[in-house]
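Below is one structure, written out as structure tokens; comments come after it.
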Amino acid sequence: MESILLHSIGVDEFFEKMRVILKEEIKMALQQDQLLTKEGALKMAGISNAVFLKAINEGIVKPQLVKGRKKAMYLESEVLKIEKKKRMTA
């Protein structure tokens, strides 16, 4: 509270600045997306190779080529969008 008084910032102005800062921080955190190898993507999503290839063909997951790597990489956020179907066991 002392720092607010020392800088002669009103409470409303202080909270408005805090909201702006928090929105920017959240936006930056959400934009950080990890790149996964095909094997890592399959493990993370818990899906088979066929389901993964189907998602690529449907455009849900797009391969990313990274300089210095021979294998394609995939964005974690896209991999998590793949829906896995539960098998019905009788």
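Brief remarks on what is shown
- Cα-Cα over 31 Å, subset of K17/K67; K23/K81; K23/K54; K23/K62; K17/K43: K17/K67; K23/K54; K17/K43
- Evaluated at q = 0.31, 0.32, 0.35 Å⁻¹, the base-10 log of the normalised Debye intensity for region 20-60, with identical point scatterers placed on the Cα atoms, takes the values -1.02, -1.04, -1.11.
- From the Kirkwood radius over Cα pairs of region 11-90, Stokes-Einstein at 10 °C and 1.306 mPa s returns a whole-number translational diffusion coefficient of 105 µm²/s.
- Straight-line cross-link reach from K71 at under 17 Å between alpha-carbon atoms covers these aspartates and glutamates, not counting any fewer than eight positions away in the same chain: E39.
- Order by protection proxy (mean Cβ within 10 Å, highest first), peptides 33-41, 15-23: 33-41, 15-23
- Heavy-atom accessible area ranking, 1.4 Å probe, most first, across M28, M44: M28, M44
- Probing with 1.4 Å while keeping every protein chain in the model, the per residue accessible area of region 25-64 equals 71 Å².
The values are calculated or read from the model by the stated rules, or taken from the named source; none is laboratory data. These numbers come from a predicted model, not from an experiment. Reconstructed Cβ throughout: ideal geometry from the backbone, glycine too, with neighbour counts over all protein chains shown. For the accessible areas, the whole protein counts, side chains as well, though only heavy atoms, and no ligand, DNA or RNA atoms are used. Shrake-Rupley method; radii C 1.70, N 1.55, O 1.52, S 1.80 Å.
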